[in-house]
1. For the range 146-170, name all the residues that are part of a loop (DSSP other than H, G, I, E, B) and at pLDDT 95 or above.
2. What pairs come out if I take residues in the range 13-28 that are over 11 Å from Thr57 (Cα atoms) and pair them with residues that are assigned to a helix (DSSP H, G or I) whose C-beta lies under 7 Å away, six or more apart or interchain?
3. In the range 108-143, what residues are assigned to a loop (DSSP other than H, G, I, E, B), within 16 Å of the ligand (Cβ to nearest atom) and either under 12 Å from the mean Cα position of the chain (by Cα) or among the hydroxyl-bearing types (Ser, Thr, Tyr) (or both)?
4. Go through (1) within 16 Å of the ligand (Cβ to nearest atom); (2) without any contact (Cβ under 8 Å) to a residue 60 or more places away in the chain; (3) over 18 Å from Pro176 (Cβ atoms) for Thr57 and report which single condition fails.
5. Hey, any hits in the range 167-177 for a residue that's crowded, with 23+ Cβ neighbours inside 10 Å and within 12 Å of the ligand (Cβ to nearest atom)?
6. Anything in the range 77-107 that is in contact with a strand residue (DSSP E or B) (Cβ under 8 Å, 6 or more places away or on another chain) and in a helix (DSSP H, G or I)? List them, or say none.
7. Within the range 198-222, work out how many residues are of a type in the set (S, T, N, Q), within 15 Å of the ligand (Cβ to nearest atom) and in a helix (DSSP H, G or I).
Amino acid sequence: MFNIIIKEDYRQISEAANEIVRELLAKKQDAIFGLATGSTPLGLYSAMIADNEQNITDYQKVVTFNLDEYIGLPDKHPQSYKSFMEENLFSKINIKLGNTHLPLARDSQDLRACQDYEELLADYVIDIQVLGIGANGHIGFNEPGTAFDSFTHIVELAKRTRLDNQRFFSSLDEVPTHAITMGIATIMKAKKIILLASGENKAQAVFEMINGPIVEEMPASILQKHPNVIVLLDKAAASKL
Ligand code: PGA
C-alpha cells in the first residue's frame, strides 16, 4: 500500500524522510535500517548527520544493512558502496561500524556470499528500508526481469544502469558489470519502506510503479503489494501521476 507524498523539491523530500527516521529513533534506539546508495538518499543522510550532531538522534545502538555492492572493485575503491556509506554517513554519525553491514562477493560466482548475507539478515527485521528507484524501475540492483521471489543474489547490471552510474567513474569500462544485491523478497520483508524519487528522469518509472501492472519487468511494481510504503516525490518525479 502506498502513501504518496509530493513535495516541492529534493530538499523537502529529504527532510520528510528524515522526519520519519527521527520518529522511529525517538521510540526505538536500536532500530534496524536498510540503506541505499546513489544520489537520491544523500539529502536524507545529510539531514541524519545534522540531527546526530545536534544530539536529536543517537545511532549508538542502530544496526544497518545495505542493499547492494558492486563486485570486482579493488578494496577501498572510492566508488564502492562501502566507501560511499562510510564517507556519506557512517563516519559522520555515532554509529558503531561493527553494526553496519554490506554484502560482499569476491566474484560473480560467489554464491556463498549471498547465503551469508541472507543468514545474517535472518536474525533481524528491518524497521525502515530506504529505497531509490532506477530509471528502468530497478530497486537495489534488481533489474527488470528479476524474480519477485528472489533473495540476495548476484546480478549482471543492465546497460542502462551502467550508463546511469558511469558519471561516478572515469569511463563506462570502469563501471563494474556485476553486483550483489538483496533480492526482491528480501526487500519486501522490511516493516516499512521509504522510497524516494527526484527528477524528471524518474517520472515514468514512478508512474509505472504506482499505476502499472505488477510485473517482473518493472521490479518496483511489486511494492504495490507491500503493506507500508511511503513514496516521497518531488514535483518532477511526480509529473506523470
Ligand atoms: P540514483 O539511483 O539515486 O543515483 O538516481 C537510484 C537507484 O538506482 O536506485
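The values are calculated or read from the model by the stated rules, or taken from the named source; none is laboratory data. Please read all numbers here as calculations on a predicted model, not as lab measurements. Counting neighbours? That spans all protein chains shown, and the Cβs are built from the backbone with ideal geometry, glycine included.
1. Looking only at the range 146-170, we keep the residues that are part of a loop (DSSP other than H, G, I, E, B), and these are 146-152, 157-158, 169-170.
Residues satisfying the conditions are Thr146, Ala147, Phe148, Asp149, Ser150, Phe151, Thr152.
2. Partner pairs satisfying both residue conditions: Ser14/Gly43; Ser14/Leu44; Ser14/Ala47; Glu15/Ala47; Ala17/Leu44.
3. Within the range 108-143, the first condition is being assigned to a loop (DSSP other than H, G, I, E, B), and the residues that meet it are 108-110, 122-127, 132-138, 140-141, 143.
This time we only want the ones that are within 16 Å of the ligand (Cβ to nearest atom), so: 132-138, 140-141, 143.
Within the range 108-143, Gly132, Ile133, Gly134, His138, Gly140, Phe141 qualify.
4. (1)
5. Restricting attention to the range 167-177, the residues satisfying the condition of being crowded, with 23+ Cβ neighbours inside 10 Å are none.
Within the range 167-177 (the criterion being crowded, with 23+ Cβ neighbours inside 10 Å and within 12 Å of the ligand (Cβ to nearest atom)), the answer is no, since none of the residues qualifies.
6. Tyr81, Lys82, Met85, Phe90, Asn99
7. First, the residues of the range 198-222 that are of a type in the set (S, T, N, Q): 198, 201, 204, 211, 221.
Next cut, within 15 Å of the ligand (Cβ to nearest atom) only: 198, 201, 204, 221.
Now narrow it down to the ones that are in a helix (DSSP H, G or I): 201, 204, 221.
Matching residues across the range 198-222 total 3.
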